[in-house]
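Accompanying notes for the structure given below.
Read the figures in this text as sums done on the coordinates, not as results from a lab. Fair warning: this is a prediction, and the values are worked out from it, not measured in the lab. Using ideal geometry, Cβ is built from the backbone for each residue, glycine included, and neighbour counts are taken over all protein chains shown.
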Amino acid sequence: MISLTHFLLVSAALFCIGMYMVVAKRNAIQILIGVELMLNAAILNLVAFGRFDKMANTGQTFALFAIVLAAASTAVALAIILNVYRRYKTINPEEITDLRD
């Protein structure tokens with residue numbers, strides 16, 4: 001049987017991988033993927049605690065809202081990345097220093 005500890009270990013591993021991607025990568029899309037991994041780790045925690053809690057579907061309900069918010073934020077971030085690429089021809093955040101016209 002899979003216990004709560006197993007879920008938390010997988011979630012911690014996902015969060016650490018996502019944190020490494022945010023800190024170490026120089027590509028804006030890879031940074032966005034790292035943020036998504038951290039959000040997925042939080043969603044996994046919500047579902048795991050919801051499964052082992054006595055309340056019916058609270059964890060799953062919060063996870064559903066978190067998934068919707070993550071999808072919306074990803075769409076906005078990708079639109080921003082595309083516009084930055086059109087203007088500067090790079091998606092390296094360190095090379096984008098001037099954001100004014």
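Residues in the range 13-38 that are within 16 Å of L78 (Cα to Cα), in a helix (DSSP H, G or I) and either of a type outside the set (V, I, T) or touching a Gly at 6+ places or on another chain (Cβ under 9 Å) (or both): 9 in all. May I ask you to verify whether T58 is in contact with a helix residue (DSSP H, G or I) (Cβ under 6 Å, 6 or more places away or on another chain), hydroxyl-bearing (S, T, Y) and surrounded by fewer than 19 Cβ atoms within 10 Å (Cβ to Cβ)? Criteria met by T58.
Does V47 satisfy being hydrophobic (A, V, I, L, M, F, W, C) and farther than 30 Å from V84 by Cα?
Working: hydrophobic (A, V, I, L, M, F, W, C): yes; farther than 30 Å from V84 by Cα: yes.
Yes, satisfied.
Here A70 fulfils each of the conditions (1) within 20 Å of the chain's Cα centre (by Cα); (2) outside any helix (DSSP H, G or I); (3) small (G, A, S) apart from (2). Of all the residues in the range 63-90, those that are surrounded by 13 or more Cβ atoms within 10 Å (Cβ to Cβ) and farther than 14 Å from I33 by Cα number 8.
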